[in-house]
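Here, each number is a calculation from the coordinates, and none is a lab measurement. None of the values given here were measured: they were computed from a predicted structure. For neighbour counting, all protein chains shown are included, and Cβ atoms are generated from backbone atoms with ideal geometry for every residue, glycine included.
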Amino acid sequence: MTRHDGYDTPAEIADALVRCVSRDEITTVADFAAGGGALLHAARLRWPSAEVVACDADRSCVRLLRATYPKSAVSCVDFLSERSRMASTVFRGRTGVPLILLNPPFTCRGARTEQVSFGTMQVNCSVALAFVLTAVSYMTEDGQLVAVLPQGSLRSSKDATGWGLLRSLFDVEIHQNLHCRAFSGAVVHTSVVSFKKRARATLKLAKRTTNNSGASAAPAVEIIRGKIQLHNARLVRSGVPLIHSTELRDGRVQITSRHVASSTRSTIRGPAVLLPRVGTPCKQKVAVLSSSVEIALSDCVIALRCATDHHAEDVAALLRGDRWTDVAALYGGTCARYVRVAVLQDWLTGNGIKTEEFGPISVPISSTAAIDERAASPLFSASAMAHRAGSTERPHAIRRYR
Ligand SMILES: C[S@@+](CC[C@H](N)C(=O)[O-])C[C@H]1O[C@@H](n2cnc3c(N)ncnc32)[C@H](O)[C@@H]1O
């Protein structure tokens, strides 16, 4: 196999990946697209006695790696081929590795996708995410994977299912956005992303809304995209306050004197969480709209309508909480940043807010929707994944309006 996407990681970026590792002691470090070994080299500077596990599809890279790590497990493997992995002593019979570092190939020509196995599921995704989805199954329960990934993957609909699955099983943290010219010879927006298995995939949100019998009594979340263009709005003297992203401040909705006529197409009542659809993401703009307050939404605002004020506070806390960096990364676009409703929906689904069908304006139940995050069983056992895939539990629902 010829070398595909051979953009080796500069030393300072390799060092940045290693600095994301929370554990002081590492016994084994793996790189499954090891190339010239830049990431392994940075890891050995921090943990000189760590055992090295490496593979690459390119023979010349493997020769070099073998010369550098003569006593280590190094093989020429097409990592995305199960057959190739199983034919290699690097993978056959291998138990988990506590640290995996990756700068996988990114290039996906056209609309091409990879299909990878994840537990009992088959997932279509980009080549970069296929590396992550495959690699996490070689991680120990308390392990960590740190990867350089294209920012486009975090937002693309192609990778939404893969991210939904990963976020439901791992704590995903975006540590750093790298400069678009960080890799010599390439112009690409990338981020350093870390994955750690959740000890118990339990969400506060899910806990609060579960009744005593253990059955879910969770309310619905409806995603509503604002429709009114500010420059076309027909303002009236008395009507419903028109809320644009400028009216979202300090976590609250600041009611202004700009009013439009009430209409079922563009007005909603709280309780809801409002957030900008367009603009630089900012957690102070994730605002709670109290119950019974009626407003109209500008086309730059998205509402997540909730069942109770308490529920809205929970959803707002989830968005503004320790996964805020992930939420901010959902906003794409190079000039004006924006978030797509489908991308936001996937993020909510991946974070425990499940979907169900609602008559003619329904969204299909996604493959991520049935994952029961509260199951604490081993992540990749066939029975655990089959249980998740077949779960009939129906807690939060997301209803989407275009
Ligand atoms: C961006 S380079 C990263 C190299 C190294 N890890 C680093 O950070 O400097 C990506 C590497 O992935 C390898 N690669 C591409 N497709 C692969 C595959 N299917 N299986 C294993 N390695 C692959 C390429 O040969 C290349 O060395």
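Gain on full extension, evaluated as 0.36 nm per residue between Asn124 and Glu51 minus their Cα-Cα distance, stands at 23.0 nm. Here each label is just a point 7 Å from Cα along the line to Cβ, and for Asp322 and Ser290 those points are 3.2 nm apart. Multiplying the residue separation of Ala342 and Glu25 by 0.36 nm and subtracting their alpha-carbon distance yields 110.1 nm.
Full extension of the chain between Ser263 and Ser184 gives 23.0 nm of extra length, using 0.36 nm per residue less the Cα-Cα distance. For Thr107, put the label point 7 Å out on the Cα→Cβ axis and report which residues of region 19-52 keep their amide N under 19 Å from it. Residues 33-37 fall inside that zone. Between His231 and Arg66, the FRET efficiency from the beta-carbon distance, with R0 = 41 Å, is close to 0.05. Over region 11-197, the pair-distance histogram of Cα-Cα distances with 10 Å bins from zero comes to 9, 39, 40, 12, 0 percent, rounded to whole numbers. With the simple model of a label 7 Å out from the Cα in the direction of the Cβ, Ser81 to Gln176 spans 3.5 nm. The residue list Ala317, Leu330, Leu297 was ranked by how far each Cα lies along the charge dipole of region 293-341 toward its positive end, using unit charges on Cβ atoms, and Leu330 comes out on top.
The label-point distance for Cys282 and Asp142, in a model that sets each label 7 Å from Cα toward Cβ, rounds to 4.2 nm.
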